[in-house]
Amino acid sequence: MDRSAPRSQERAVGFSLTELLVVVGLLTLILIVSMPAFKDFYLRAKVSSSEAMVASLVQQARMSALKEKNRYRVLVHDENATTPNTLELQREQSGSFVTVAGEVHTVPEAVRILGGSPTDSMDDVTVNGRGECSSGKVYVVADGVDVGVVTIAATCFSTGS
């Protein structure tokens, strides 16, 4: 004896097309509403990353200067430079600065280092053999919205915005 139900009495398993379209529509709406917040978060993260890169390179210059008792500097190439939006670590050698091998860093995409916009933006940070820095600020910006500032003290300790 066959106990299986006739085909007309079987229940269909799964979702109807209408249910799937409603769920896809709701997910699309949530994505559209949250997109500006995601973009803002992404840009803030890029600015913070660039600030950390500047601060880290200044600290590296200070540690190398103290260790070798030699002058170092971090060149800050702004958006208008030949190599735009890069940071370069240099060591003094025979009275002039030369780039340390492998120490040219590009800031993350969508971020720019500002040059002439804020008039007090630094073009370089020089560190003497005693670990003292030229003090000032380095500005970074993403999409003209989020501006980050790295303030460098004479002790080479830096803070972000």
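At-a-glance table
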item	result
Complete set of residues in the stretch 66-93 that are hydroxyl-bearing (S, T, Y) and out of contact with any helix residue (DSSP H, G or I) (no Cβ under 9 Å at 6 or more places or on another chain)	T82, T83, T86
Qualifying positions in the stretch 83-98 - under 22 Å from V47 (Cα atoms) and not hydrophobic (A, V, I, L, M, F, W, C)	T83, P84, N85, T86, E88
The listed residue being hydrophobic (A, V, I, L, M, F, W, C), at pLDDT 90 or above and on the phi < 0 side of the Ramachandran plot, out of A81, A12, A65	A65
Identity of the residue in the stretch 124-161, in contact with a Leu (Cβ under 7 Å, 6 or more places away or on another chain) and either closer than 23 Å to N70 by Cβ or part of a loop (DSSP other than H, G, I, E, B) (or both), that ends up modelled with the lowest pLDDT	V145
Residues located in the stretch 31-59, provided they are among the acidic types (D, E) and out of contact with any strand residue (DSSP E or B) (no Cβ under 6 Å at 6 or more places or on another chain)	D40
Total residues in the stretch 93-114, condition within 18 Å of S56 (Cα to Cα) and either among the small types (G, A, S) or in a strand (DSSP E or B) (or both)	11
Number of positions in the stretch 100-123 that are modelled with pLDDT under 85 and over 12 Å from the mean Cα position of the chain (by Cα)	10
Qualifying residues in the stretch 32-59 (those that are among the hydroxyl-bearing types (S, T, Y) and farther than 30 Å from Y72 by Cβ) - the one farthest from the chain's Cα centre (by Cα)	S34
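The values are calculated or read from the model by the stated rules, or taken from the named source; none is laboratory data. On a predicted model such as this, the values are computed, not experimentally measured, just so you know. Please note: Cβ atoms are built from the backbone with ideal geometry, for glycine as well, and neighbour counts cover all protein chains shown.
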